[in-house]
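The values are calculated or read from the model by the stated rules, or taken from the named source; none is laboratory data. Computed from a predicted model, the values in this text were never measured in an experiment. Neighbour counts are summed over all protein chains in view; Cβ atoms, including those assigned to glycine, are modelled from backbone coordinates with ideal geometry.
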Amino acid sequence: MPLLLLLLACSRGDTRGSLPCDEDLVDVYIVQASSDLLTVGVDTVSVDDTFDPAVTVFAHDGGRKLEDLVLGRFLDDGDDEFPCSFPPPEYACPQVSFDAPGDVVVLVQVYGECVGPDAGYLLMIDQDGIPPRVKHLGTAAVDRFDQPREDDSDTDTGDLEG
């Protein structure tokens, strides 16, 4: 029975989500990826809840529940790579592509203004033309994920807000 529940909690391909309009919160996903090119993007879904989204991706180093999650190394982040379907007042939507080391953790964040109290989005994930399994773990405080990034300078704290 636990395996069945895990399979029901996962989806494949594009996943809709919604966050409160608060830069201090992130939606957290685990993506079951193999060692292939992975593309992750976030698009807006409605004129009524459009916002400026950002996405950050880490290697997954353990834990299948939000409270047990262990982040691996920083892989990539995106902010303004393509025009949103429903443009926010400023900026654009994020998209990143990288060679996945295996499973990854994706964080979706409000990174600027929102039109309404909530920020609706579509998380788009593709692995060489095949949608991988995606599991939403929940919403968490962004400071839970602060850590140094390997490719940033020694003075950077890895803060997702800047």
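Annotation note: of Asp43, Asp80, the sole residue that is surrounded by 17 or more Cβ atoms within 10 Å (Cβ to Cβ), modelled with pLDDT of 95 or more and among the charged types (D, E, K, R) is Asp43. Check Ala119, Ala59, Ala92 and return the single one that is within 18 Å of Asp24 (Cα to Cα), at pLDDT 90 or above and not basic (Lys, Arg). Answer to the check: Ala119.
Reported count of residues in the range 128-146, each being closer than 15 Å to Gly41 by Cα, at pLDDT below 90 and outside any loop (DSSP other than H, G, I, E, B), is 1.
Scanning the range 21-40 for residues being in a loop (DSSP other than H, G, I, E, B) and either surrounded by fewer than 16 Cβ atoms within 10 Å (Cβ to Cβ) or not small (Gly, Ala, Ser) (or both) gives a total of 7.
When the range 45-70 is filtered for residues that are under 15 Å from the mean Cα position of the chain (by Cα) and either under 15 Å from Ala33 (Cβ atoms) or outside any strand (DSSP E or B) (or both), the ones remaining, listed by number, are Val55, Val57, Phe58, Ala59, His60, Leu66, Leu69.
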